[in-house]
Amino acid sequence: MGRSAVKTLSRRGSRSQIIQTSFFQRDPLTCARELIGAELIWGGCSGIIVEVEAYAAIGDEAAHTFTRPSARSFIERNKPGAAYVYFNYGVHWMLNVLVKGKENGFVLFRAIEPRHGLQLMRKRRGVDDVRRLCSGPGKLTQALSITGKHHEMDLCADLQHCFLPRSKNDVDVVADARIGITRSAHHPWRFTLRGSKFVSVPVKR
């Protein structure tokens, strides 16, 4: 594990303190909202989650499960908290986590506020502005070097690839419409940290 991630975990606790499988045994909307303000650890890099989107396995035409049997099979064979990584339009990798409980679905990670490993992120992204490092799902995966090899990884068991809970409970979360979709676009299932300068697209007032 990178030194930055080790330091982060040493401050917050050990393996028992990372977000456990039970967190993802609920429903996508609850998990998505409560992931805002949590910390994503990925190798020697980490960041505070400031933007996510929820996708429901049933009745959501924007979800992969609506058109892809492979996505439905993924849910059947994996535990809650598994990484669902796919290549979007042949351009960017996209990181999601599986929610499998009261309702099944996915949470897509759209943006984080970088905290550790900034030098490595800048090298991978080729940009210096910290606000541009991870302000979008494709930027995030490039900055963290997330690829298809991480597909189906258990994100509740590996200290190098996991989530730390929010450091405070009073996180101000804003819900609005998801981005870049045409089907089921009316659902207010994008969640962001209010006032964050690190989101991909500012919330419309």
Exercise. Can Arg183 be described as in contact with an Asp or Glu (Cβ under 9 Å, 6 or more places away or on another chain), surrounded by fewer than 19 Cβ atoms within 10 Å (Cβ to Cβ) and in a helix (DSSP H, G or I)?
Worked result: no
Exercise. With respect to Gly105, is the statement that it is open to solvent by less than 20 Å² (accessible area, probe 1.4 Å) and either modelled with pLDDT under 95 or in a strand (DSSP E or B) (or both) true?
Worked result: yes
Exercise. Filtering segment 137-155 down to residues that are under 13 Å from the mean Cα position of the chain (by Cα) and surrounded by 21 or more Cβ atoms within 10 Å (Cβ to Cβ), which residue is nearest to Leu98 (Cα to Cα)?
Worked result: Leu155
Problem set entry | Residue identified as in a helix (DSSP H, G or I) and open to solvent by less than 40 Å² (accessible area, probe 1.4 Å) among Ala54, Ala83, Ala111, Ala71 | Ala71
Exercise. Among the residues of segment 53-96, which ones are in contact with a helix residue (DSSP H, G or I) (Cβ under 8 Å, 6 or more places away or on another chain), within 20 Å of His187 (Cα to Cα) and hydrophobic (A, V, I, L, M, F, W, C)?
Worked result: Ala54, Ala56, Ala57, Ile58, Ala63
Exercise. Quick one: Glu152 ticks every box in (1) out of contact with any helix residue (DSSP H, G or I) (no Cβ under 9 Å at 6 or more places or on another chain); (2) part of a loop (DSSP other than H, G, I, E, B) bar one, so which box is it?
Worked result: (1)
Exercise. Is one or more of the residues making up segment 116-130 closer than 22 Å to Gly81 by Cα and either open to solvent by 20 Å² or more (accessible area, probe 1.4 Å) or outside any helix (DSSP H, G or I) (or both)?
Worked result: no
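The values are calculated or read from the model by the stated rules, or taken from the named source; none is laboratory data. Please read these numbers as outputs of a predicted model, since none were measured by experiment. Positions of Cβ are generated from backbone atoms using ideal geometry, with glycine treated the same way; all protein chains shown enter the neighbour counts. Note: accessible area is taken over every heavy atom of the protein model, side chains too, but ligands, DNA and RNA are not part of it. Shrake-Rupley method; radii C 1.70, N 1.55, O 1.52, S 1.80 Å.
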